[in-house]
Amino acid sequence: MANEIRIPKLGMSATEVTLAEWMFGDGEEVAKGDIIYTAETDKTTVEIEAQAGGVIHPAGEEGTKYKVGDVIGTIE
């Protein structure tokens with residue numbers, strides 16, 4: 001079963017987050033705890049870790065704003 005990669009809540013007031021950069025390409029192997037992407041708000045940039053290991057399939061586009069909770073990829 002695929003694990004969804006979602007936009008996390010970053011701070012008390014942030015409702016949108018910009019997907020800054022993916023660290024892995026489609027079909028690459030990731031381990032739990034690897035930094036898989038960076039996310040930006042108007043106040044900070046945060047490195048997001050994989051919550052599971054497996055093969056990553058990014059779907060979100062770099063430079064695009066997403067709402068907290070949006071699915072931007074999967075790890076199978």
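Remarks
- If you go through the stretch 40-76 and keep only what is aliphatic (A, V, I, L, M), more than 19 Å from Met1 (Cβ to Cβ) and either modelled with pLDDT of 95 or more or assigned to a loop (DSSP other than H, G, I, E, B) (or both), you end up with Ile48, Val68.
- Selection within the stretch 7-19 - surrounded by fewer than 16 Cβ atoms within 10 Å (Cβ to Cβ) and modelled with pLDDT of 90 or more: Pro8, Glu16
The values are calculated or read from the model by the stated rules, or taken from the named source; none is laboratory data. Every value quoted in this text rests on a predicted model; they were computed, and no experiment measured them. Cβ: placed from backbone, ideal geometry, glycine included. Neighbour counts: every protein chain shown.
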